[in-house]
Amino acid sequence: MVDEAGARGNSGAMGHRREPSDPESWRRSVIHGAGLLFGTLVIATAFIASYAGALHQPTPKDVPVAVVRSDQPARALLAAVRQRDRALKPIEYADRAAADDALAGRDVYAVLASSNTGGKPGLTLVTASAAAPLATQVITQTVQVAAERGQAPLAVSDSVPIAPADPRGLVPFYLAIGLVLGGYLGSTVLGLRVGTTPRTVARAGTRIGGLALYSGLLGLAGALVTGPGLDVWHGRFASLFGASALVAFAASMAAAAAQGWLGLLGTGLIILLLVVLGNPGSGGIAAPEFLPDFFRDMHLWNIPGLGTDLVKAVVYFGPDATAQPAVTLAIWAVAGMLLLLAATVVRGRGIHAWSRHK
């Protein structure tokens, strides 16, 4: 870590950094640069492997469909589908109200039930395409084929349709990724300018407050762009604003904590966690049930997946779908604050004392 005078000495106009003039300093810079390039090579290779590995061949497996335990016709159809392949997974509930609650809470993508229209037995399939358009499309096509094979009339309806301006359902993912990117970049910029580890608890509190204000502004910008700006969603602006701010703040606090303990190497760790693993594992590009097992549950704990789930929940669903991602993101934010404060107490004074005597 260099002191302020050293930083000024190595910096030129317009933010340029001067190349060391003496040969020994230049050699040290080359060695340091080679190390950074190697680290970048590792991260970039992991990025390629992660995205290609997770998304090169999305294959549905155990896509959950709700069915009432006493509904024999619906259970029989799903059992027949399950025998042919594992694309769909029946999830049994005690009654139709519980099955509908599961659909509203994003625990399942559809509810299959038997019906009796005009005295003729048939089936109804109620989907929620806003949860994942590709998943509900696979469910609908699979159930339709099975119903035709069994000569059972099938009526399909969509209880939570996707916004017409977002037919592929990708805007929640894009919004979440922008918030996560902005969150950890905001923390990184502060780390580069004022130091990665605060000197005192008071200064750490100031940094947390600054990142909270920044996250609020970023959340407001995201809500304005996707709401009134692009008119993707109508209404629920306040909820979208709050959710977006929480996503950005969780990402910024995670980055601040990693940088507080590891310095700028913490930024590499955050990129690995939130970008290299978090983006393909978010369930935003392909639903979790279409991903390899390693990525399948990542959206339940990694910030990009939690952000994607939270945005979908607040604009399409309700409190039942909102609680889990919101609480987990809040845990990320609080844990990041506590870890940053701990780094300040344990490492802050020592690092600054070392830099003065260096």
How many residues, within the range 281-340, are surrounded by 19 or more Cβ atoms within 10 Å (Cβ to Cβ), in a helix (DSSP H, G or I) and of a type in the set (A, V, I, L, M)? 14
Would you mind telling me which numbered condition in (1) in contact with a helix residue (DSSP H, G or I) (Cβ under 6 Å, 6 or more places away or on another chain); (2) closer than 17 Å to Gln72 by Cβ; (3) among the hydroxyl-bearing types (Ser, Thr, Tyr) Thr127 fails? (2)
Could you please give the count of residues in the range 144-185 that are touching a strand residue (DSSP E or B) at 6+ places or on another chain (Cβ under 9 Å) and free of Cβ contacts under 8 Å to residues at least 12 places away in the same chain? 1
Hey, among Val171, Val156, Val194, Val160, which residue is among the hydrophobic types (A, V, I, L, M, F, W, C) and within 19 Å of the chain's Cα centre (by Cα)? Val171
Take the range 178-190 and flag every residue that is among the hydrophobic types (A, V, I, L, M, F, W, C) and surrounded by 22 or more Cβ atoms within 10 Å (Cβ to Cβ). Leu179, Val180
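Each value in this text was obtained by applying a stated rule to the coordinates, not by laboratory testing. As the structure is a prediction and not an experimental result, all values here were calculated from the model. For neighbour counting, all protein chains shown are included, and Cβ atoms are generated from backbone atoms with ideal geometry for every residue, glycine included.
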